[in-house]
Every structure is written in structure tokens, then in C-alpha cells.
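Q: There's a structure below that I have some questions on.
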2 protein chains.
Amino acid sequence: MGQVIETKAKGAAQVAHKGKAASRLTAEDLRKLLPLGEILDGDCIEAMRSLPDNSVDMVFADPPYNLQLGGDLNRPDGSHVDAVTDDWDHFDSFRAYDEFTRGWLAEARRVLKPNGSLWVIGSYHNIFRVGATLQDLGFWILNDIIWRKTNPMPNFRGTRFTNAHETLIWAGMGEKSRYTFNYRAMKTLNDELQMRSDWVLPICSGAERLKENGHKAHPTQKPESLLYRVMLATTNKGDVVLDPFFGTGTTGAVAKRLGREWIGCERESKYRRVATARIEKELPLDESAITTMQAKRSAPRVAFGALVEAGYVKPGTVVFDKKRRWEATVRADGSLVSNKQDGSIHALGAKLQGAPSCNGWTFWHFEDGNEIKPLDAARDLYRLATED
Amino acid sequence: MGQVIETKAKGAAQVAHKGKAASRLTAEDLRKLLPLGEILDGDCIEAMRSLPDNSVDMVFADPPYNLQLGGDLNRPDGSHVDAVTDDWDHFDSFRAYDEFTRGWLAEARRVLKPNGSLWVIGSYHNIFRVGATLQDLGFWILNDIIWRKTNPMPNFRGTRFTNAHETLIWAGMGEKSRYTFNYRAMKTLNDELQMRSDWVLPICSGAERLKENGHKAHPTQKPESLLYRVMLATTNKGDVVLDPFFGTGTTGAVAKRLGREWIGCERESKYRRVATARIEKELPLDESAITTMQAKRSAPRVAFGALVEAGYVKPGTVVFDKKRRWEATVRADGSLVSNKQDGSIHALGAKLQGAPSCNGWTFWHFEDGNEIKPLDAARDLYRLATED
DNA sequence: AACCGCGGTGAATCCTTAC
DNA sequence: AGTAAGGATTCACCGCGGT
């Protein structure tokens, strides 16, 4: 396991196993021909060519996103944002990126078993192109999955919405082909509720983030929790998982832990080295432990603006404190305005009282019929109505 | 408002207003030519042809995505695309959908102002194709937004993840083009945290869901809260919003409420009828309720020198950063001097910190009695006093 | 010991106006 | 059109060192 081999060394095997011949081999024969637990050196399309047809159960791919970043970016405190500027993420045009995408997807398709499935992760920069291309190649999308990051990087310049998620596509080989989906495992993992298409997970940081000389070893290391859920959901124990963009080997580490076989492709020797050492250290779980990891459910935070949007509090509503010392009017964005001063329910409450802070939910009240209620009461109603 | 007109009736106008001629008209002239508050009858590509170039501030589109509905597909030239339901022919079906998509997106692009923006909503069936196509046409994606449904329909057969979200794409006209984004309003709406790319909103149900004879009037009616957030974020009061797939008029209803102008296209007379009645009943909010928190950038610009001239900050005043790592003295012309270095409040702050830039208004502080205040506080006072 | 403040950082298509 | 200057802008989490 973890051994790095040269693509070239598989040259002979490639010829022997390609084409229909492979289907005449038994499953066990086929498996013996696969470089299980190895990181293939070189361009992923080339490397995949060394693998036989119809031999892999699942492909997980984290391709370059083609970010097309502009100049430097600094945080409001002046510190510099460490961007992804590596050569491997640079393409000359959408066309060039599409060609690259079509190339590796076609190889992945050849290598996949008829009932295998494909996962790809990406952002809005590339995921629409990837999705359209894989549909063109005959893949059948089963779900798109949203990874909602609990701790994304903010938008420092206040120019757009915080980019707080990434998208994964899960696809089968065709409309009629079968695929593995461990429904019960997912439901158990999710407190006996069906697992949804949005997954709330933190980004990879802390001890899990691999470092070399104090710097991150890879700019885009994915969290193990993400791969954990992917594999638990759509592979069985002993299945073969191929990752064409292996990087620092998150896929390999999680596969080993969960008792899946793995094959990686990675052209940067530095990443291969880091991944090999990482996976070496990983210990397989025993079977009983595999089902114990539980997903945390977080209490939903409700913004006052959401109540306004949803009509629980109408713009124009007059609100006031309990002693009616101050009055304010609700505006469309959930701000309050009062006599030339305005702000959020919390900020305006604080400003008017001259206090450092204020809980607007309990400070401000409104009339409901002839009752006087705090904003908090409207929030309770909203939570009841939108509960999962 | 709410009147339904025939596309054909605009035929003459169409010729007169198309092309470069439109750009020579004043904004007010142009607006008079637009069918504001009307639902254009017919295929949306045809209907959009009746609108002048560069005349619309925002397009919100909820296109059909069911690839089996061949009857919904028309080529850009208006000709009908035969339904292709054979599973072996999915490629052709995608191609027809792409053609249709390219057709309406191209018209939307022509009609949009140079600094306008486009919203499209879809699911994994179509959104990847739409996203790739709009990139190909030159649109520049600003965000992809996830509408995370609080109450999605479960996956009854337990064969996949619960499809609990839809995807929206927000795009500007090009990489360099500007666009409207009401950052402060969004931050306020989200309790003083940046609005993220994942929006948690309930699906449209209950009293909001339009019914006819006890059955839902439209199969995919969108919640008003979704349109509310879209319009509040990316349009200003009085802006023109075009919806090429108007359906039961959620876009029109919310636009009217928020003081935006709207134009719809809808080929089904039943939907036009329902939408017209619905929008008729909608009441606009009054102006003060529509007002939202304003960006600091929109406040009149004040030179620091003006504060010195007016005596709000006296020459010779010692200013310092919050941690008192640096000190400087105010000179008569509004520059600062510190230990042989000098410059504007911004330039000197940047120089001393070795930072690429610095906001001198918030960086430098001064003593006022025994309080320490940022220069920004003096600017606020000056602005209040010199308000017109 | 537990808590607090500070510094660091993460797949990011991240400014606007005047001259 | 290009350049220079003004000045607006951040959330969650982790580790460390001091109290």
C-alpha cells in the first residue's frame, strides 16, 4: 500500500487488458491486475490508460477549478490572502478546459464498471462545464450535492455573496444502469432522517490539514468527512475507488480507513510523497466502528430579515420598546429606521439606549391584534413553520 | 398594470427600437417604450424580440427543464423541436435543450443594459447546461446560489439523497462590467453577517400557493421570499425586471411590492390570467419601507482637509493608531507628518504599516476629552452639520 | 485550571473616482 | 485609456501565550 509506481511500467499490462478481453476475466483475476493502493505517476489521462476497462467501482475526482483570479487580494486588516495560483489550475480558455474535462471524463467512463458511479467536486467556475460534459458523455446525474461550509472565507470587499459552498455531482453510467446507494447507512448517519442533498461540513483545518515546513502542503485539501460520507453512501466494503486528482490523498486515507481499495493518479512528486506518508499512518477501522460516526445537527439561526422576507413581519410595521420610550419602523431589508437613525434591530436598540449592545429580539415589540409581543414571538412562529 | 398584451401588437415598435437607435434615446424615452407592468403573450424568445436593446436592469428566469417535454422546446428561430424520448437519443435531446437555452439567453443579453444582471434558477437536470451556455455567451458568473429548502419532498423510494435544494446563477454582462449589489441591505437582512451563497427558505405552500378549482395553479410556483431577496440584493427602486418565464407572476408580484417595474413573457393564457389577478391585488409598500441600509460609498465624499479647514480637527492635533504603535501630527493642509515621513491620512497609514493600502478614517484616532475616537467620528459630525 | 485576547488563515473569478 | 489616489472591507475556528 502507498507504493508509488511509474505509469510506464504498466505499459505492457495496458495492452493486454484493454478492450473486451477484460470482461472474460473473472472478477478476482481482474482485481489482481489493478495497482491497488498505488499512486500512479503522471498526467491522469495517461495514467488511467494503464487501467483495464470496466474495473473500478467508483471514481472520485477533484479536478482543477480554473479559478481565473485577478490581482492580489488583501483582508481588511491588510494581510494577504494566499490564493491558488498554481500552474495546474491555469487554462487558456473555456474551450481548453472543456477539452481537458472531456478527456479525463472519457477515460474515467471507460475504466468504470457498468454499475459504477462517478463523483466530481467543483465551484461555479468549472462545475457547469463539467456537468454538461459528463451528461454529453452519457453519464446520468443522480444527485447534485451541496457542501455547505460552516466556516468559509468571507467576501472581504463586500462585492458579492460569501461563496460558502461547493458543488458535487454524483452520476451513474447511464439512465438505466444500477448503482450503489446505502440508504440505511445515510439515514442512520443523519439521525433517522433521510440524508439530504445539502451537507453541512467544516473546511479542512487544524490538525487534519497537512503541513510541510509550516506551510500547507496542498492549497485545496478536502476534509476527510466529505470523502467519508461519499464512500459510505455509494460504495461497499472492498470496492475499488479511483481518484484521478489524488493530491495529498484524502481519498486514499479515507478508503483505507473504511476498508475500500484505492488507486490514485498524481503528477506532482511532492503531493505523492505527502500522500504516501499520510496513508501509511492511517489505520483501518474495524467493521463495527464504521457505522458509529454521527453527523451533528446544528440549531438553525434565524435572521430578522428572514421573517420580513417570509411575511411574518411586514415592512412598515411600527415596533417599540416595552416602555414605549422609542419607536421605529421596519424596512424591507430588515433594518429599523427611527428619526434619522437606522440600523439592524440590535444596532438601533443599542444606539438609542446609548448601550454597547442590545438584544433586538427581546427589546423591540409589535402589536398583534390588541396584544403586545416581542419580536422573539414572531421568530418562534417562523421556526415552527420552517422546522425540518 | 397587469394588463395582458399581444406580442404581435408590438411588431411595429420592435423594428423602430431595435439596434443602435435605442442608445440615442434618453433613459426616460426608453422607459416609455417599454411595456411595463404587462405580460407579453407568446414564446419568450419572440416576445423578447419586441423589446429594445439595453433597456432592462435585471432578468429573472425560471426556464423549463424537463427534457421529456419536447413541446416546450422551440429553436431560436421559433421552429418547433420534436420531442425525443428514446433513451438512446438523450444526446440529441440535450442538444435541442441547449439550442433553446442559447436562444432565450441571447435575447436576454441583448435586452439587458451593460450593467444589468441575469438570474436563472434550475435543478441538476438543466442547470449545468444553462450555466455553461451563459458562460459561452459572455455572461460572467458572480455567484451560484443554493436555495436550501426547509421542507422538500422526501425521496419516497429511498434510492437517492433527498433533493433538497435548487441552484440559482447570478451573472453580470461580462468580466469588466459593473452590477448592482446592495451589500449593506443583505448584511442587515442577515443580522449583521455577510449574506452567504446558501439561502434557507421554505417552499411555496399554504395561502401563498395559488389554486384553481382546488388544484395548484402552477406546478413549480416559486416562493415570494426567494424573489424578494433576489430583487432587494441586485436591483434598485424603479429598476426594470424582466421575467421571460412568467408563470403565475411571482416576479411581478414581488416587483410591484418593492417598487420595481416589471415585464413578463408567458405563452399559456391560464397562467397569464392567474398572474394578472394576483398582481392586481398586490399593494406596493410605501417608500420609507422600501428604503434599505445604504453603502458608505454612497455618502458624499469628504476630504480630510475640509475637516481641518472647518475646525473639526485642528492643525497640530496628534493622531495615533488604536494600539499606539504609531503617532503623527495633523498639518494645516490635512496631511500627516510622523518622524520624517508624511502623506495623506491613507498614504501615511499604509506606509507605516508596510501595507498596500489603508483607510485613514478608521486607522487614525484622536483624543476628545478622555475618549478616543477614530477620525471617522469627526467626519460623521461634519457630514451631519453640512447636510443639505 | 479555565478563560481570554491575539494572530493566523481558508478553491476568491473581491473597488471607484478623478485626472 | 491608463494611472494615481481615495478609502471600503471579514467569519469561523484553531493554536498560543498570558492572566
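Q: Quick one: is A:LYS211 at pLDDT 95 or above, within 21 Å of B:HIS165 (Cβ to Cβ), within 16 Å of DNA strand C (Cβ to nearest atom) and away from every other protein chain (no Cβ under 11 Å)? So that I can check it myself, show each step before the final result.
A: On the way: at pLDDT 95 or above: yes; within 21 Å of B:HIS165 (Cβ to Cβ): no; within 16 Å of DNA strand C (Cβ to nearest atom): yes; away from every other protein chain (no Cβ under 11 Å): yes.
When the stated conditions are applied, A:LYS211 does not pass them.
Q: Tell me which residues, restricted to region B:136-145, are part of a strand (DSSP E or B) and away from DNA strand D (no atom under 16 Å from the Cβ). Give the steps one after another, and end with the answer.
A: Here is the first cut: in region B:136-145, the residues part of a strand (DSSP E or B) are B:140-145.
B:TRP140, B:ILE141, B:LEU142, B:ASP144, B:ILE145, listed by residue number.
Q: Here's another thing I want to ask about it. Quick one: which residue in B:ILE279, B:ILE290 is out of contact with any Asp or Glu (no Cβ under 6 Å at 6 or more places or on another chain), open to solvent by less than 30 Å² (accessible area, probe 1.4 Å), among the aliphatic types (A, V, I, L, M) and within 14 Å of chain A (Cβ to nearest Cβ)? Show your work before the answer.
A: Values: B:ILE279 fails: within 14 Å of chain A (Cβ to nearest Cβ).
Of B:ILE279, B:ILE290, the one residue that is out of contact with any Asp or Glu (no Cβ under 6 Å at 6 or more places or on another chain), open to solvent by less than 30 Å² (accessible area, probe 1.4 Å), among the aliphatic types (A, V, I, L, M) and within 14 Å of chain A (Cβ to nearest Cβ) is B:ILE290.
Q: Read through the list (1) touching a helix residue (DSSP H, G or I) at 6+ places or on another chain (Cβ under 8 Å); (2) away from chain B (no Cβ under 14 Å); (3) within 16 Å of DNA strand C (Cβ to nearest atom), then give the number of the only condition that A:LEU201 fails.
A: Result: A:LEU201 fails condition (2) only.
Q: Any idea how many residues of region B:299-315 are within 16 Å of DNA strand C (Cβ to nearest atom) and farther than 23 Å from A:ALA328 by Cα?
A: Going through region B:299-315, the residues within 16 Å of DNA strand C (Cβ to nearest atom) turn out to be B:299-306.
Next, only the ones that are farther than 23 Å from A:ALA328 by Cα stay: B:300-306.
Within region B:299-315, residues that are within 16 Å of DNA strand C (Cβ to nearest atom) and farther than 23 Å from A:ALA328 by Cα number 7.
Q: Could you tell me which numbered condition A:VAL84 fails, if it satisfies all but one of (1) part of a loop (DSSP other than H, G, I, E, B); (2) under 23 Å from the mean Cα position of the chain (by Cα); (3) without any contact (Cβ under 8 Å) to a residue 60 or more places away in the chain?
A: Looking at each condition in turn, A:VAL84 falls short on (3).
Q: Quick one: how many residues across region B:163-201 are closer than 26 Å to A:ARG301 by Cβ and part of a loop (DSSP other than H, G, I, E, B)?
A: Counting residues in region B:163-201 that are closer than 26 Å to A:ARG301 by Cβ and part of a loop (DSSP other than H, G, I, E, B) gives 11.
Q: Something else: So for region B:52-64 (the condition being open to solvent by 30 Å² or more (accessible area, probe 1.4 Å), at pLDDT 95 or above and in a helix (DSSP H, G or I)), does at least one residue qualify?
A: no
Q: Further question on the same structure: On the basis of being closer than 26 Å to A:ARG184 by Cβ, open to solvent by less than 20 Å² (accessible area, probe 1.4 Å) and either modelled with pLDDT under 95 or within 14 Å of chain B (Cβ to nearest Cβ) (or both), does A:ALA233 make the cut? It would help to see each step written out before you state the result.
A: On the way: closer than 26 Å to A:ARG184 by Cβ: yes; open to solvent by less than 20 Å² (accessible area, probe 1.4 Å): yes; either modelled with pLDDT under 95 or within 14 Å of chain B (Cβ to nearest Cβ) (or both): yes.
Yes.
Q: Here's something else I'd like to know. Could you identify the single residue in A:LEU242, A:LEU189 that is at pLDDT below 95 and either open to solvent by less than 40 Å² (accessible area, probe 1.4 Å) or within 14 Å of chain B (Cβ to nearest Cβ) (or both)? Spell out how you get there, then give the answer.
A: Numbers: A:LEU242 fails: at pLDDT below 95.
Unique residue meeting the criteria: A:LEU189.
Q: Of the residues A:ARG102, A:ARG75, which is free of Cβ contacts under 8 Å to residues at least 60 places away in the same chain and of a type in the set (D, E, K, R)? So that I can check it myself, show each step before the final result.
A: Details: A:ARG75 fails: free of Cβ contacts under 8 Å to residues at least 60 places away in the same chain.
After applying the criteria, what remains is A:ARG102.
Q: For B:GLY131, work out the one condition from (1) away from DNA strand D (no atom under 16 Å from the Cβ); (2) part of a loop (DSSP other than H, G, I, E, B) it doesn't fulfil.
A: It is condition (2) that B:GLY131 fails.
For every residue, the table says whether it meets (1) more than 16 Å from DNA strand C (Cβ to nearest atom); (2) modelled with pLDDT of 95 or more; (3) more than 7 Å from every other protein chain (Cβ to nearest Cβ).
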{"position": "B:VAL111", "(1), (2), (3)": "yes, yes, yes"}
{"position": "B:TRP119", "(1), (2), (3)": "no, yes, yes"}
{"position": "B:ASN126", "(1), (2), (3)": "yes, yes, yes"}
{"position": "B:VAL130", "(1), (2), (3)": "no, yes, yes"}
{"position": "B:THR133", "(1), (2), (3)": "no, yes, yes"}
{"position": "B:TRP147", "(1), (2), (3)": "yes, yes, yes"}
{"position": "B:MET153", "(1), (2), (3)": "yes, no, yes"}
{"position": "B:TRP170", "(1), (2), (3)": "no, yes, yes"}
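Q: Can you tell me which residue within region A:218-249, out of those that are of a type in the set (A, V, I, L, M) and more than 16 Å from DNA strand D (Cβ to nearest atom), is farthest from A:ASN115 (Cα to Cα)? Steps first, please.
A: Here is the first cut: in region A:218-249, the residues of a type in the set (A, V, I, L, M) are A:226-227, A:230-233, A:240-242.
With more than 16 Å from DNA strand D (Cβ to nearest atom) added as a condition, the list becomes A:227, A:230-233, A:240-242.
On the way: A:LEU227: 20, A:VAL230: 16, A:MET231: 15, A:LEU232: 17, A:ALA233: 15, A:VAL240: 13, A:VAL241: 13, A:LEU242: 15 Å.
Among residues in region A:218-249 that are of a type in the set (A, V, I, L, M) and more than 16 Å from DNA strand D (Cβ to nearest atom), the one farthest from A:ASN115 (Cα to Cα) is A:LEU227.
Q: Give just the number: which of (1) assigned to a loop (DSSP other than H, G, I, E, B); (2) open to solvent by less than 70 Å² (accessible area, probe 1.4 Å); (3) at negative phi does B:ALA328 not satisfy?
A: For B:ALA328, the failing item is (1).
Q: While we're on this one: Does B:THR317 satisfy the criteria of being of a type in the set (Ser, Thr, Tyr), more than 11 Å from DNA strand D (Cβ to nearest atom) and either under 23 Å from A:SER79 (Cβ atoms) or surrounded by 15 or more Cβ atoms within 10 Å (Cβ to Cβ) (or both)?
A: Values: of a type in the set (Ser, Thr, Tyr): yes; more than 11 Å from DNA strand D (Cβ to nearest atom): yes; either under 23 Å from A:SER79 (Cβ atoms) or surrounded by 15 or more Cβ atoms within 10 Å (Cβ to Cβ) (or both): yes.
So B:THR317 passes the test.
Q: Please state which of the following conditions A:ALA217 fails to meet, knowing it meets all the rest: (1) within 13 Å of DNA strand C (Cβ to nearest atom); (2) at pLDDT 95 or above; (3) open to solvent by 10 Å² or more (accessible area, probe 1.4 Å).
A: A:ALA217 satisfies every listed condition except (3).
Q: May I ask you to say which residue of A:ARG148, A:ARG157 is of a type outside the set (Asp, Glu), part of a loop (DSSP other than H, G, I, E, B) and either within 16 Å of DNA strand D (Cβ to nearest atom) or farther than 21 Å from A:PRO64 by Cα (or both)?
A: Numbers: A:ARG148 fails: part of a loop (DSSP other than H, G, I, E, B).
When all the criteria are applied, what remains is A:ARG157.
Q: Since A:TYR97 meets every condition but one in (1) touching an Asp or Glu at 6+ places or on another chain (Cβ under 8 Å); (2) buried (at least 18 other Cβ atoms within 10 Å of the Cβ); (3) within 13 Å of another protein chain (Cβ to nearest Cβ), which condition does it not meet?
A: Among (1) touching an Asp or Glu at 6+ places or on another chain (Cβ under 8 Å); (2) buried (at least 18 other Cβ atoms within 10 Å of the Cβ); (3) within 13 Å of another protein chain (Cβ to nearest Cβ), A:TYR97 violates only (1).
The values are calculated or read from the model by the stated rules, or taken from the named source; none is laboratory data. Since the model is a prediction, treat every value here as computed from it, not as a measurement. When we count neighbours, we look across all protein chains shown, and the Cβ atoms used for this are built from the backbone with ideal geometry, even at glycine. These area figures cover heavy atoms from the full protein model, side chains too; ligands, DNA and RNA do not enter into them. Shrake-Rupley method; radii C 1.70, N 1.55, O 1.52, S 1.80 Å.
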